[in-house]
């Protein structure tokens with residue numbers, strides 16, 4: 001029992017500790033691919049430390065919601081990330097939210113962030129909030145279709161159960177799973193404001209979505225939001241790893257070696273995810289905002305197709 | 001003697017008291033303040049009594065209680081000996097649940113009315129009808145024969161119609177009331193036909209008799225009830241009256257019409273389809289699921305485009321009714337395919353959403369009323385920054401907006417989560433039509449849920465956050481204590497049901513047992529109030545833990561950062577990329593926030609067209625953006641019907657100008673035709 005709690009605690013701290021590193025790694029890899037030296041991968045930690053130590057500048061007409069939102073956003077994403085199995089299945093608190101609830105928790109974080117964008121009453125905050133909500137509107141049905149695909153296969157929406165199912169059963173190559181994987185990658189790119197949907201490195205305000213929304217934030221509030229964004233990226237890569245590449249994950253009640261293997265495998269998956277993301281981002285151009293509906297519409301269609309294939313092939 | 005009374009007696013006495021309050025308000029017209037306190041206070045106490053008694057009946061899980069009153073039509077039911085008259089009343093677990101939920105809404109609206117009623121310009125246009133409206137709704141639920149049911153149904157419609165006309169000098173309100181009256185009469189007409197079909201010429205109209213007698217024409221009855229009750233509940237395409245009429249009434253009445261009256265309509269549907277009609281065909285759920293999905297998507301898309309706060313909420317009601325009907329449709333489908341335990345799950349999801357929607361929509365209409373009272377504005381483009389002026393109302397509005405957006409850890413999420421769980425068990429069904437349509441409806445529901453979040457970010461963000469867009473918004477004052485009390489109660493209940501959903505699920509058990517012979521697992525046995533609708537391996541959700549974790553980790557993060565880092569704050573002008581614009585008009589507006597969604601979905605759903613007029617360089621004329629949207633439902637269904645009725649009326653109008661001989665000839669001809677018909681038929 002104590003071990004279970006320790007695993008859950010380790011998971012919470014692990015995701016929190018690794019998230020900035022993942023972000024730094026993606027930035028460094030991207031820079032290398034573009035022929036630049038790029039920053040040290042630990043640069044995000046330095047940024048966070050610097051931001052936390054600074055005095056916060058808050059607009060005169062900001063309300064309490066503006067100041068509370070970063071903590072709510074961070075907490076909601078952290079809780080969601082802590083419930084996605086990373087190196088071991090069967091987390092102690094996994095029963096407190098299944099995959100649908102985890103997706104909805106990210107929705108709660110987005111809701112508060114969009115409200116914070118509107119709080120100061122500037123046009124940039126509005127444009128960011130309105131576009132962020134558009135992306136969410138398109139991404140959420142696609143995400144739910146992916147959840148449906150997995151839930152239909154594994155007979156559960158519980159992430160631990162799905163991961164255990166994927167490890168234990170001879171799932172094999174399934175068309176539905178392939179479609180769901182492609183759809184999930186597309187949703188993950190959109191949700192994390194990566195190229196081609198949004199550009200995390202841009203400084204041209206009119207082309208930004210996420211960055212425009214948080215334009216007014218500074219110091220510790222900005223640190224919380226940045227950390228939340230890093231956690232969200234980690235969450236999606238962990239999710240893809242846990243659902244579609246569950247190799248090496250330690251099972252409930254296995255020995256220390258299994259956990260060590262699980263941890264190593266998880267780090268390997270993160271590295272692979274970071275590399276793939278950097279490669280993808282350097283090889284594609286950002287699209288116009290109003291091309292995003294087509295991009296995410298394709299994800300929805302893939303997800304729907306995956307579900308329909310499963311519905312049709314069930315118990316024939 | 002009073003102690004011997006059973007809960008059902010208390011309920012009837014409270015309904016009678018509500019009926020009496022109406023005329024009493026008229027006699028007190030010289031003392032409007034006293035009348036207001038008496039009517040709302042009395043209605044609140046009576047509703048609380050009904051609510052408590054119904055809860056007692058529901059939680060005690062006893063048998064249904066019935067009563068016969070010697071008033072009403074002479075022959076409403078068949079007895080062993082022959083026809084008997086009078087009114088049949090009965091309350092079973094299903095009725096007790098709906099009665100508890102509707103009267104809970106009644107209590108909150110009455111408390112709110114105590115304060116909000118002060119702003120009424122013509123209190124006598126509201127006060128006499130308000131308690132009668134509440135009584136009518138309660139009476140629909142306790143009715144056990146078709147006559148009492150339809151009588152109280154009409155009472156509910158007409159009394160609310162009168163309150164829609166409270167501000168009758170506004171032509172838009174008169175139009176709304178007229179459309180409402182037409183749709184209400186149409187719906188009742190269909191229900192009348194449905195009851196006639198169920199009775200089948202046997203003459204008995206009590207529900208016990210209808211239950212035995214039903215058969216034969218059941219599919220037709222389903223269609224009639226779906227249209228009849230669906231028009232009252234606001235199913236697309238019968239929803240047109242709802243965004244007109246609900247906002248026209250005073251806000252606490254809007255809360256009742258949108259939050260509670262639509263639920264009474266859903267009760268009527270459930271009573272007939274799930275209880276009286278008996279075993280359903282396998283395809284019966286399909287039209288419900290499709291119409292429900294359509295309502296959910298169309299309702300919330302319309303809400304997203306709306307500028308008027310109360311109309312926006314009315315459109316959101318259509319979305320929620322759609323969610324409920326999808327749940328009911330799934331339950332009907334599962335019953336028709338002999339899967340009782342899944343039917344129980346889907347039905348529990350629908351009933352849970354009924355309860356949640358009463359709370360959330362009641363709360364949000366009251367918030368809209370508070371905004372209206374504080375600023376005199378309903379247009380979100382003339383609001384803004386109210387979080388500084390109405391801090392408590394803003395906090396409660398945030399709770400309502402989160403709940404209506406179906407986000408954890410609030411209650412709206414739980415019922416939508418349950419609906420998704422019910423969708424996920426459906427691939428085991430055999431018929432192909434169901435296998436293909438149910439997942440598609442699942443995607444539509446997910447879209448509706450995401451659109452709801454965007455809609456309420458827009459509604460809350462533009463009206464409560466940002467900078468004030470009008471002087472009225474800048475000078476707003478926090479509303480009175482009664483209003484805040486009513487909103488606070490509903491807000492607390494929203495949070496409470498979000499954290500402890502198991503209590504509601506357990507309370508539903510006797511209903512599920514009555515209707516399906518199956519129940520969900522007992523929730524009070526699971527650890528830490530976790531909700532496990534099927535089994536722990538399959539799915540579980542714990543609102544309490546989610547809230548605790550978020551609060552703890554957020555609080556911890558804030559604490560650590562304030563300790564180790566900096567906690568200093570400096571107030572400064574907004575950054576806005578170095579070019580802050582002082583005019584509040586440069587903020588995002590209702591139109592601009594909705595623009596991305598309008599571009600993506602509007603061209604299909606509303607044929608939205610945008611036209612930009614750019615003046616030539618050097619020309620000082622302002623640039624203009626014009627957006628036109630078409631209401632397809634009105635144009636393709638109601639427009640032609642309206643035109644046809646007008647044409648027919650013009651033709652028939654000639655009959656008003658005949659001479660006496662022509663009238664006599666007409667009467668004679670009618671008589672001859674009728675006799676001929678009788679001769680042929682008889």
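Listed values, structure above:
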{"item": "Average partner coverage of B:455-467, which counts Cβ from other chains inside 10 Å", "result": "6"}
{"item": "Most to least packed among A:269-281, A:72-84, B:382-394 [average Cβ atoms within 10 Å]", "result": "A:72-84, B:382-394, A:269-281"}
{"item": "Value at 222 nm in deg cm²/dmol, rounded to 500, when DSSP H runs of n ≥ 4 in chain B each add -39,500 (n - 2.57)", "result": "-21500 deg cm²/dmol"}
{"item": "Cα→Cβ-extended label distance, 7 Å offset, between residue B:579 and residue B:83, nm", "result": "8.1"}
{"item": "Calculated FRET efficiency for the pair residue B:193/residue B:68, C-beta based, R₀ 35 Å, to 0.05", "result": "0.85"}
{"item": "Rounded to 5, percent antiparallel among DSSP beta bridges of the protein assembly as shown", "result": "75"}
{"item": "Full-extension gain in nm, residue A:42 to residue A:264, via 0.36 nm per residue minus C-alpha separation", "result": "78.0 nm"}
{"item": "Over chain A - Rg/Rh using Cα atoms and the Kirkwood inverse-distance radius", "result": "0.96"}
{"item": "Per-pair calculated FRET efficiency, R0 = 25 Å: residue B:172 and residue B:632 via Cβ, rounded to 0.05", "result": "0.75"}
{"item": "Ranked by how many other beta carbons lie within 10 Å on average, peptides B:24-35, B:477-488 from highest", "result": "B:477-488, B:24-35"}
{"item": "Partner chain coverage, peptide B:444-452 - average Cβ within 10 angstrom", "result": "6"}
{"item": "Burial order of peptide ranges B:424-432, B:367-375 (average beta-carbon count within 10 Å, highest first)", "result": "B:367-375, B:424-432"}
{"item": "Helical contribution to [θ] at 222 nm, DSSP H n ≥ 4, -39,500 (n - 2.57), averaged over chain A, rounded to 500", "result": "-24000 deg cm²/dmol"}
{"item": "Cα centroid separation, region A:139-177 to region A:284-310 (Å)", "result": "19"}
{"item": "Equivalent-ellipsoid semi-axes of region B:77-169, from the Cα gyration tensor, Å, largest first", "result": "32, 16, 8"}
{"item": "Using distinct alpha-carbon pairs, which all enter the 1/r mean, Kirkwood radius of region B:382-493 in Å", "result": "16.3"}
{"item": "Distance (nanometres) between label positions extended 7 Å along Cα→Cβ at residue A:31 and residue A:298", "result": "3.1"}
{"item": "Segment residue B:667-residue B:433, length gained on full extension (0.36 nm per residue, minus Cα span)", "result": "78.9 nm"}
{"item": "Shape category assigned to region B:508-664 from the gyration tensor of Cα positions, a/c cut at 1.5", "result": "oblate"}
{"item": "Separation of the residue B:34 and residue B:560 label points, Cα + 7 Å toward Cβ, nm", "result": "6.5"}
{"item": "Inter-part distance where region B:416-461 and region B:259-281 are each reduced to a Cα centre, Å", "result": "22"}
{"item": "Stretchable slack from residue B:569 to residue B:514, in nm (0.36 nm times residue separation minus alpha-carbon distance)", "result": "13.8 nm"}
{"item": "Average partner coverage of A:52-58, which counts Cβ from other chains inside 10 Å", "result": "5"}
{"item": "Over region B:589-628, relative contact order from alpha-carbon pairs under 8 Å, at least 6 apart, %", "result": "31"}
{"item": "Efficiency of FRET from Cβ geometry, residue A:2 and residue B:657, R₀ 60 Å, rounded to 0.05", "result": "0.05"}
{"item": "Quotient of C-alpha Rg and 2.2 N^0.38 Å, computed over the protein assembly as shown", "result": "0.98"}
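Only the coordinates and a few stated rules stand behind these numbers; no lab work does. What you see is a predicted model; the values in this text were computed from it and never measured. Backbone-built Cβ (ideal geometry, glycine too); neighbour counts: all protein chains shown.
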